[in-house]
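S.K.: Sharing a structure with you now.
The values are calculated or read from the model by the stated rules, or taken from the named source; none is laboratory data. Predicted, not measured: the structure shown is a model, and the values here were computed from it. As a convention, Cβ positions derive from the backbone with ideal geometry for all residues, glycine included, and neighbour counts pool all protein chains shown.
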Amino acid sequence: MPREVSDILKSYEPATGKEIWQGEAGDVEQAVARSREAFPKWATTPLAVRIEMLRRFANVVRKHADDFAELIARETGKPLWEAHTEVQAVVAKVDISVTAYAERTGQKKLDSALQGSAALRHKPHGVMAVLGPYNFPAHLPNGHIVPALIAGNTVVFKPSEKTPVVGEFLVRCLHEAGIDDGVAQVLHGGPEEGKQLVAHKSVNGVLFTGSARAGIAINRALASDPSKIVALEMGGNNPIVAIPTPKIEDAAATIIQSAFTTAGQRCTAARRLIVTADFYDEIVPAVRALADRLILDEPFADPAPFMGPVIDNETADLLSESFLALMSRGGRPIKHLKRPDPDLPLLSPSIIDTTEIEERPDIELFGPLLQVIKVEDFDAAISEANNTRYGLSASLLGGQPKDFERFWTQIRAGIVNWNRPTNGASSAAPFGGIGLSGNHRPAAFYAADYCAYPVTSTEMVQPRASIGVGLRDK
Ligand SMILES: NC(=O)C1=CN([C@@H]2O[C@H](COP(=O)(O)OP(=O)(O)OC[C@H]3O[C@@H](n4cnc5c(N)ncnc54)[C@H](O)[C@@H]3O)[C@@H](O)[C@H]2O)C=CC1
Ligand SMILES: O=C(O)CCC(=O)N[C@@H](CCC(=O)O)C(=O)O
């Protein structure tokens, strides 16, 4: 059937608005069929060979690091220096996932209470659909793809419709490393193709990173299909709590890094700065002063910017409207959200005090917009920090070890830090959240867990058994 015009996808450079790519949405049926066909051979390829191929992939990425970083910077708008760190994370993922596979899954001999020997081994699920977001278009899908391939699954990867070029580049690197076209495929498309993949009867697992809205839709679509493994890595409305510390400049820098790195487009970005009243007049002006100095520019500018644009004009419009909506409900701007060019999505870092808003909307505003909430004391700060349906990351600035112990005990989130940013999580640790942030299938080091299922066996070379009771004499 000829394709509809709506199947044409386009990708734009956020910093300039220039179109950089046009393509068609992929054929879900065909992609899944190829993946299913490739599965038996890949699943039975020795683990050592699969690992070797992924190590080759890491080398291919290293070889193309400059081109890859440039592409990420162009297609997402993030600064070039930051795009380079994303490429490094793609490379580092391979060794970390090899270790994780052995530690979390792999094969083990078990102590057997029975006669014979007992073993725990893991099997791949089959065809995995990987659905990626735009903010880390290489690193985050790669965080599903690499462990899935090591475990012996085949992968159909649908990149975000906003970053198809980076998605395609990533998969080309896998192919250049010798991994078959059917073992790892890119499938272009938007939510529609995502839905079809999720629902496809030959897809055995859905590994998703994106918004809570889409994650919930996936969960709902699979409510009557318990056979699929589903990992949902979703957003956050993350708190950073500041209580008195003599290190005001460092605390301010930590807040800035948490809120505005990647123009606030990190799932772990701090959205709410919760400050006790005895520290407000010291820390808030320091944060404002530092935010005033941040360089906002296109990714390749010299001097290098701290942050670039958000992904597109629609997102920039939504953030501008959200800032105004918070103001109209009683928010007090500390630093206005500005958009130097109304036709481009470059937004200045913005800060608004929302203490006086009675019912603050508990939504993820995915951009450079930080809300400040003044509270009476540390108890109130903890309670305000937990005043969210999400639970991805949280951080405490200042205080003593006993304060952090209390914070750690009472905060509901998958990442709970002390005097460190809410973001910048390590790939060598589990990465996931609770509430609307995830479905208890953390990624990063624990991605190994959802990429294979355990099979226990008790084994003997020959049958040996006798029935001790309940038998009639011969
Ligand atoms: N917890 C984590 O590890 C991370 C979470 N995120 C979250 O991702 C979001 C930003 O990324 P976006 O690309 O805007 O997310 P999104 O949810 O709009 O899209 C993510 C992917 O899902 C697909 N999709 C959308 N609706 C779908 C549906 N109903 N069924 C199947 N697939 C569907 C999209 O086409 C895309 O490939 C933020 O909410 C951010 O917090 C981003 C990075 C990491
Ligand atoms: O997935 C990993 O390997 C580690 C987690 C990670 O990289 N987290 C980053 C990015 C998360 C994001 O925005 O979306 C972070 O915590 O900054």
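S.K.: Taking the range 177-205, which residues are hydrophobic (A, V, I, L, M, F, W, C), buried (at least 21 other Cβ atoms within 10 Å of the Cβ) and more than 8 Å from ligand 1 (Cβ to nearest atom)?
M.R.: Hits for the range 177-205 are ILE179, VAL183, ALA184, VAL186, LEU187, VAL203.
S.K.: Ok, one more. Might you let me know whether the range 216-223 holds any residue that is more than 12 Å from ligand 1 (Cβ to nearest atom) and more than 22 Å from the chain's Cα centre (by Cα)? If you could, list the steps in order and put the result at the bottom.
M.R.: The initial filter retains those residues of the range 216-223 that are more than 12 Å from ligand 1 (Cβ to nearest atom), namely 223.
From what's left, more than 22 Å from the chain's Cα centre (by Cα): 223.
So far as the range 216-223 goes, yes, one or more of its residues are more than 12 Å from ligand 1 (Cβ to nearest atom) and more than 22 Å from the chain's Cα centre (by Cα).
S.K.: Test GLY367 against the stated conditions and say whether it is within 16 Å of ligand 2 (Cβ to nearest atom), over 30 Å from THR99 (Cα atoms) and surrounded by 23 or more Cβ atoms within 10 Å (Cβ to Cβ).
M.R.: Working: within 16 Å of ligand 2 (Cβ to nearest atom): yes; over 30 Å from THR99 (Cα atoms): yes; surrounded by 23 or more Cβ atoms within 10 Å (Cβ to Cβ): yes.
Here the answer is yes, as GLY367 does meet what is asked.
S.K.: If you scan the range 442-458, which residues turn out to be more than 10 Å from ligand 2 (Cβ to nearest atom) and either part of a strand (DSSP E or B) or outside the structural domain of ILE216 (by TED's automatic domain parsing) (or both)?
M.R.: ALA452, TYR453, PRO454, VAL455, THR456, SER457, THR458
S.K.: Being aromatic (Phe, Trp, Tyr) and within 24 Å of the chain's Cα centre (by Cα) is the filter here; which residues of the range 32-71 pass it? Please lay out each step first, then the result.
M.R.: Step one: list which residues in the range 32-71 are aromatic (Phe, Trp, Tyr), which gives 39, 42, 57, 68.
Passing the criteria: PHE57, PHE68.
S.K.: Regarding the range 70-91, can at least one residue be identified that is loosely packed, with under 15 Cβ neighbours inside 10 Å, of a type in the set (Asp, Glu) and assigned by TED's automatic domain parsing to the domain that holds CYS451?
M.R.: no
S.K.: Please note which helices (runs of 4 or more DSSP H) are completely contained in the range 245-352 and include at least 3 residues that are within 29 Å of PRO133 (Cα to Cα) and within 29 Å of the chain's Cα centre (by Cα).
M.R.: 248-260, 313-328
S.K.: Which residues, counting only those in the range 100-139, are of a type in the set (S, T, N, Q) and in contact (Cβ under 8 Å) with a residue 40 or more places away in the chain?
M.R.: Going through the range 100-139, the residues of a type in the set (S, T, N, Q) turn out to be 105, 107, 112, 115, 117, 135.
Listed by number, the residues that qualify are THR105, SER112, GLN115, SER117, ASN135.
S.K.: Additional query: Out of ILE240, ILE255, I need the residue that is within 21 Å of GLY438 (Cβ to Cβ), within 16 Å of ligand 2 (Cβ to nearest atom) and hydrophobic (A, V, I, L, M, F, W, C). Which one?
M.R.: Details: ILE255 fails: within 21 Å of GLY438 (Cβ to Cβ).
On inspection, the qualifying residue turns out to be ILE240.
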